[in-house]
């Protein structure tokens, strides 16, 4: 099995009445920590509450974006380690440059990741063989043909998807490589940064163990 991380994104959503990352202050804070700034209009707009939405900076292969309509600042890249390091710097900027008390002003943190996982097994057949579809016989009768599940979606039991503490891990065959690879999508959301950070630190092993469980092979140990 070969894991290839395709996307990793982590976002901080604040509950401030006014989004605090105004222009040009946010650019000054980022430049002061070695971020490469994008190409905002010159001169930078100023005022009591001026925002520039979209991708605004990069560092270590990680892109920084903000969305004042959602009270959000995010970091996206292809390396979990780099993105989490940049997250740490963003937290410092919020605390030190904008005097944000994250204990009271952090709404939630959300992680999104996508994996392409090549396997020696046939993912299309594996997911069909381990199907436990509750209403399989009924669906077959309704549709007049044998049926099976195509993807697995794992969520916390009894928790609504609108909750700030929620996750979903979806496993399906990669459409264009359905006999060779899985496509895995992960959403993990929590009100504490520490919980999301801990999940991210073991994300690769978590995904490996889920695939191994589906394929009936041995689990891997978590990394620390």
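The values are calculated or read from the model by the stated rules, or taken from the named source; none is laboratory data. Predicted model, so just to flag it, every value in this text is computed and none were measured. Neighbour counts are summed over all protein chains in view; Cβ atoms, including those assigned to glycine, are modelled from backbone coordinates with ideal geometry.
Can you confirm whether region 162-170 contains a residue that is under 18 Å from residue 129 (Cβ atoms) and modelled with pLDDT of 95 or more?
The answer is no; no qualifying residue exists.
Does residue 66 count as touching a strand residue (DSSP E or B) at 6+ places or on another chain (Cβ under 6 Å) and assigned to a helix (DSSP H, G or I)?
No.
Test residue 86 against the stated conditions and say whether it is surrounded by 17 or more Cβ atoms within 10 Å (Cβ to Cβ), at pLDDT 95 or above, touching a helix residue (DSSP H, G or I) at 6+ places or on another chain (Cβ under 6 Å) and assigned to a helix (DSSP H, G or I).
Spelling it out, it is not the case that residue 86 is surrounded by 17 or more Cβ atoms within 10 Å (Cβ to Cβ), at pLDDT 95 or above, touching a helix residue (DSSP H, G or I) at 6+ places or on another chain (Cβ under 6 Å) and assigned to a helix (DSSP H, G or I).
Which is in contact with a helix residue (DSSP H, G or I) (Cβ under 6 Å, 6 or more places away or on another chain) and either within 18 Å of residue 7 (Cβ to Cβ) or surrounded by 15 or more Cβ atoms within 10 Å (Cβ to Cβ) (or both), of 116, 111?
111
Could you check how many residues of region 92-104 are crowded, with 16+ Cβ neighbours inside 10 Å and either assigned to a helix (DSSP H, G or I) or without any contact (Cβ under 8 Å) to a residue 12 or more places away in the chain (or both)?
Here the count works out to 2.
Suppose we keep only residues that are part of a helix (DSSP H, G or I) and in contact with a strand residue (DSSP E or B) (Cβ under 9 Å, 6 or more places away or on another chain) within region 138-182. Which one would you say is nearest to residue 113 (Cα to Cα)?
Filtering region 138-182 for residues that are part of a helix (DSSP H, G or I) and in contact with a strand residue (DSSP E or B) (Cβ under 9 Å, 6 or more places away or on another chain), the one nearest to residue 113 (Cα to Cα) comes out as 175.
Name the pairs: first residue in region 56-69 and on the phi > 0 side of the Ramachandran plot and free of Cβ contacts under 8 Å to residues at least 60 places away in the same chain, second residue surrounded by 16 or more Cβ atoms within 10 Å (Cβ to Cβ) and part of a strand (DSSP E or B), Cβ to Cβ under 8 Å, at least 6 apart or on different chains?
60/77; 61/77
Could we say that residue 197 is modelled with pLDDT of 95 or more and surrounded by 14 or more Cβ atoms within 10 Å (Cβ to Cβ) here?
It is true that residue 197 is modelled with pLDDT of 95 or more and surrounded by 14 or more Cβ atoms within 10 Å (Cβ to Cβ).
Scan region 183-201 residue by residue and report those that are closer than 23 Å to residue 2 by Cβ, part of a helix (DSSP H, G or I) and touching a helix residue (DSSP H, G or I) at 6+ places or on another chain (Cβ under 7 Å).
200
Among the numbered criteria (1) out of contact with any strand residue (DSSP E or B) (no Cβ under 7 Å at 6 or more places or on another chain); (2) at pLDDT 95 or above; (3) not in a helix (DSSP H, G or I), which one does residue 109 miss?
Of the numbered conditions (1) out of contact with any strand residue (DSSP E or B) (no Cβ under 7 Å at 6 or more places or on another chain); (2) at pLDDT 95 or above; (3) not in a helix (DSSP H, G or I), the odd one out for residue 109 is (1).
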